[in-house]
1. Taking only pairs six or more apart or across chains, which ones have beta-carbon atoms under 6 Å, a first residue in segment 45-74 that is not assigned by TED's automatic domain parsing to the domain that holds Ile135, and a second residue that is more than 10 Å from the ligand (Cβ to nearest atom) and open to solvent by 70 Å² or more (accessible area, probe 1.4 Å)?
2. Could you count how many residues in segment 111-129 are more than 9 Å from the ligand (Cβ to nearest atom) and farther than 18 Å from His8 by Cβ?
3. Which of the residues belonging to segment 220-249 are buried (at least 22 other Cβ atoms within 10 Å of the Cβ) and in a loop (DSSP other than H, G, I, E, B)?
4. Name every residue in segment 250-296 that is open to solvent by 10 Å² or more (accessible area, probe 1.4 Å) and either in contact with a strand residue (DSSP E or B) (Cβ under 7 Å, 6 or more places away or on another chain) or assigned to a loop (DSSP other than H, G, I, E, B) (or both), in order of residue number.
5. In segment 136-167, what residues are in contact with a Lys or Arg (Cβ under 8 Å, 6 or more places away or on another chain), farther than 21 Å from Lys6 by Cβ and more than 9 Å from the ligand (Cβ to nearest atom)?
6. Specify the residue that is farthest from His8 (Cα to Cα); the eligible residues are those in segment 130-139 that are part of a strand (DSSP E or B) and either basic (Lys, Arg) or open to solvent by less than 30 Å² (accessible area, probe 1.4 Å) (or both).
7. Within segment 58-82, take every residue that is within 28 Å of Tyr248 (Cβ to Cβ) and among the basic types (Lys, Arg) and give me the one that is farthest from the ligand (Cβ to nearest atom).
Amino acid sequence: MIIQSKSHPYSVESFDDLASALDASSLPERSHWLVDQVLLQHHAAAFRGRLPELRTVLIEATEERKSYEAIGPVFLDLLGKGLKRDGNLVVVGGGVVQDIGCFIATVLARGIGWELVPTTLLAQADSCIGSKSSINIGSFKNQIGTFYPPHRVLLCPATLRSLPWDEIRSGVGEIIKFQLLTGESEFRELMRDLASLSGQPQAIAKWIHRSLEIKKGYIEEDEFDRGRRNLLNYGHTFGHAYESATHYGIPHGIAVVLGMLTATYVSIQMSMTDHAHFDDVRTQLLPWCEPYGDLLAKVDLDEVVLAMRRDKKNTVDGVNCILTRGFGKMEKRRVDIDRVVAPSLQAFIKRELH
Ligand SMILES: NC(=O)c1ccc[n+]([C@@H]2O[C@H](COP(=O)([O-])OP(=O)(O)OC[C@H]3O[C@@H](n4cnc5c(N)ncnc54)[C@H](O)[C@@H]3O)[C@@H](O)[C@H]2O)c1
């Protein structure tokens, strides 16, 4: 698959095993490596003999490390190990390591070549294309960022065998979003396939590729997220508020699923859809959220509303969110917090999560 970008076109190539993906990186004699240290432990055999010690930086994939404050030492480490303008950075990890690597590749020497080996389901099915980097500063999440795609994406679904089940479900959340945005038959086919997913995550390869095909359509039309790409935020306005109110106790993609259910519920209040559609989607999605639906049911509603008021995309009295008229019919709408959002959240959280 080739993705068109205002920076440069880039390819997404698939590999059967991690070692082959690592071997396929360009310029092995000039590349520096930024690698998720947990991943390295899980796949030590694939990495053996492939990481030049003097040109490798290992990193912990945490939100603290993905911050403006913590990223300076990573720059220094890579510069100290000789990374220069004509170099190439191979980034191996999930969304956290991707965000750090993309940010560094964008600003180091005003832009160096970089390649990405995404290793979580979320990174493989979603974040590996689309050009974005997002870095935290202080308590503000993802507030600093750039648009700069990798030069190649080297994709290996077999790497997911070591990924914890919650992280798999987090990636599934974004995959569900892409199918809900596309249409009813696609969504139902996905839900049938997911029923047999547990214990064999490699079976999800088909849905990784379908998700990327769908995302490609959005980002090639609106790479800088000023129009149609906004629809990919379906579930995110409420999901982010749930993540924030639970102090990131809910994995991102699962919060997005809960957010999509909330958006569907709010859409009923806005006379855009009916309760039958909500019940249909709810019955299928809620099992994917356990036990986090129960966690959300205990959350302080005021915290959620406060998080929405603080979100930079919203104002104190209005929320900009993606609502739905049914499968494949999403629309960006502005919704009043006090009159619509707060009462809808109250009813959704208290009544619809069991
Ligand atoms: N830039 C974008 O477009 C974009 C899009 C969505 C999300 N994000 C960001 O991505 C981050 C979340 O990323 P994520 O969900 O990919 O997870 P992650 O990078 O936080 O990784 C989750 C955990 O899995 C481990 N891990 C990674 N690969 C593994 C593997 N194959 N086997 C075993 N363990 C493995 C990591 O060490 C970590 O402990 C958030 O910071 C979010 O803001 C970025």
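1. none
2. 2
3. Scanning segment 220-249 gives Tyr234, Gly235.
4. Of everything in segment 250-296, those that are open to solvent by 10 Å² or more (accessible area, probe 1.4 Å) and either in contact with a strand residue (DSSP E or B) (Cβ under 7 Å, 6 or more places away or on another chain) or assigned to a loop (DSSP other than H, G, I, E, B) (or both) turn out to be Pro251, Met270, Ser271, Met272, Thr273, Asp274, Glu290, Pro291.
5. Gln143 - this is the single residue of segment 136-167 that is in contact with a Lys or Arg (Cβ under 8 Å, 6 or more places away or on another chain), farther than 21 Å from Lys6 by Cβ and more than 9 Å from the ligand (Cβ to nearest atom).
6. Among those residues, the one meeting the criterion is Asn136.
7. Looking at the filtered set, the residue picked out is Arg65.
Here is a yes/no grid of residues against (1) within 28 Å of Ser131 (Cα to Cα); (2) of a type in the set (D, E, K, R):
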{"residue": "Leu261", "(1), (2)": "yes, no"}
{"residue": "Met272", "(1), (2)": "no, no"}
{"residue": "Cys289", "(1), (2)": "no, no"}
{"residue": "Asp294", "(1), (2)": "no, yes"}
{"residue": "Lys312", "(1), (2)": "yes, yes"}
{"residue": "Gly328", "(1), (2)": "yes, no"}
{"residue": "Glu331", "(1), (2)": "yes, yes"}
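The values are calculated or read from the model by the stated rules, or taken from the named source; none is laboratory data. None of the values given here were measured: they were computed from a predicted structure. No Cβ is skipped: glycine too gets one built from the backbone with ideal geometry, and neighbour counts run over all protein chains shown. Please note that ligands, DNA and RNA were not included when accessible areas were found on the heavy atoms of the full protein model with its side chains. Shrake-Rupley method; radii C 1.70, N 1.55, O 1.52, S 1.80 Å.
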